[in-house]
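Reviewing the structure listed below.
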Amino acid sequence: MRHSRPGFRTRRWGQNFLVNQGAADSIIAAFRPARDDLVLEVGPGEGALTARLAGRVARIAAVEIDPDLAEGLRRRLAETAETAGIEIINGDILRADLGAIVSSLGATPATPARVIANLPYNIATAVILRFLLERAPVRDLLVMVQREVAERILSPPGRKSYGGLSVLCQVHARVEPVLRLRPGSFRPRPKIDSEVIRLTVRDPGPTVSRDPDALPALLAAAFAHRRKTLQNNLARLPRDGPRRGDALGGAAAADLIRKTGLEPSDRAEALSPADFVRLLEAWTVRDG
């Protein structure tokens with residue numbers, strides 16, 4: 001999470017910098033750092049959280065897109081006694097090689113990294129989904145996002161906020177709210193509340209892992225027209241999985257839906273994440 005003075009330069013990247021010191025302490029307490037943790041921090045800014053983590057975890061790789069902030073953080077940390085094992089990386093987390101960064105920390109599937117981040121509102125969902133879908137060895141993510149994004153990620157079925165993002169995150173992780181922050185906790189002051197949420201990564205199972213593009217494609221079709229039935233929306237799916245074959249059509253879509261114990265007249269927002277995994281299996285796995 002970032003801690004900085006307001007200014008035009010800091011707004012180039014869409015950042016809102018955390019200046020509430022009590023909130024920073026609460027975030028670290030919620031993160032529960034341990035001596036053997038390998039931490040990837042996204043967007044450290046001036047190091048409000050980096051400084052609090054220093055000396056309390058084994059290693060930190062902090063990825064900051066702003067070159068001036070990255071260099072300033074390197075200088076400030078060099079003046080403290082707790083700098084061992086901290087690497088400041090100037091880069092874009094959406095373009096960086098996640099596998100290489102996590103490997104540089106020493107993380108493996110047996111000893112996964114942990115992620116802490118204050119995500120600019122305009123890239124929050126893309127960053128979260130990248131971590132979840134690329135399956136880098138990461139144990140959990142404690143991320144600050146705008147309240148609307150948090151509501152979508154945490155939403156149960158049946159609400160307007162429930163959609164493809166909800167399903168993807170809940171299939172790949174256990175999600176939970178942690179802390180809500182008012183606009184006054186940041187500079188520049190945003191117009192909306194922010195929320196810290198935790199995503200504890202879990203194995204989504206072989207059906208989802210078999211083709212990482214399949215579940216997003218299914219969800220895009222299912223939620224494309226929220227007022228339409230599942231049958232109408234899924235009729236546009238390729239017959240034999242993502243990017244393969246002609247469209248299913250209405251009759252085949254109805255058969256696929258019934259195969260999972262659902263009804264063609266159901267709507268996507270009524271289905272649970274587990275329902276979508278069953279639909280995915282019926283769509284992508286063929287007998288023989």
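Rolling a 1.4 Å probe across the protein heavy atoms gives the chain an accessible surface of 46 Å² per residue.
Amide hydrogen proximity for Leu179: with H placed 1.01 Å from N in the peptide plane, the residues at 5 or more positions away or on another chain lying under 5 Å are Val196. A crude spin-label estimate for the pair Glu134 and Asp211, with each label 7 Å from Cα along the Cβ direction, gives 2.3 nm. Within the range 70-126, the trypsin sites (Lys or Arg not before Pro) that combine a DSSP coil assignment with at most 15 other C-beta atoms in a 10 angstrom radius are Arg95. Using a cutoff of 8 angstrom between alpha carbon atoms and counting only pairs six or more residues apart, the relative contact order for the range 99-200 works out to 27 percent.
Heavy-atom accessible surface of Glu79, to the nearest 10 Å², is about 150 Å², with a 1.4 Å probe and all protein chains retained.
Note on Asn122 and Arg236: with the Förster distance fixed at 30 Å, the Cβ-Cβ geometry gives a FRET efficiency of about 0.55.
In terms of the Cα gyration tensor, with a ≥ b ≥ c the square roots of its eigenvalues, is the range 27-131 rounded because a/c is under 1.5, prolate because a/b exceeds b/c, or oblate? Verdict is rounded for the range 27-131.
In plain terms, the chain from Ala58 to Arg32 could stretch by 8.0 nm, reckoned as 0.36 nm per residue minus the Cα-Cα distance. Taking the helices alone, the chain has a mean residue ellipticity at 222 nm of -10000 deg cm²/dmol, built from -39,500 (n - 2.57) per DSSP H run of at least 4 residues and averaged over all its residues. Extension gain, Asp193 to Arg258: 0.36 nm times the residue separation minus the Cα-Cα distance gives 19.2 nm. Relative to one another, the C-alpha centroids of the range 220-269 and the range 179-210 are positioned 30 Å apart. Remind me, relative contact order of the chain in percent, using alpha carbon pairs under 8 angstrom and six or more residues apart? Contact order relative to length: 15 percent.
Computing FRET efficiency as 1/(1 + (r/R0)^6) for Ala270 and Ala100, where r is the C-beta to C-beta distance and R0 is 35 Å, gives about 0.25. Between His225 and Asp203, residue separation times 0.36 nm minus the direct Cα-Cα distance comes to 5.0 nm.
Entry for the range 144-288 at q = 0.16 Å⁻¹: log10 I(q)/I(0) = -0.84, Debye formula applied to identical alpha-carbon scatterers, no solvent contribution. Scalar couplings 3J(HN,Hα) for the range 43-58, obtained by applying the Karplus form with A = 6.51, B = -1.76, C = 1.60 to θ = phi - 60°, are x, x, x, 8, x, 4, 8, 4, 5, 6, 7, 4, x, 10, 10, 6 Hz; x denotes Gly and Pro.
The values are calculated or read from the model by the stated rules, or taken from the named source; none is laboratory data. Quick caveat, the model's predicted, so the values are computed rather than measured. Here the Cβ is made from the backbone with ideal geometry for all residues, glycine too, and neighbour counts use every protein chain on show. Each accessible area value is taken on the protein alone, full model and side chains, heavy atoms only, with ligands, DNA and RNA left out. Shrake-Rupley method; radii C 1.70, N 1.55, O 1.52, S 1.80 Å.
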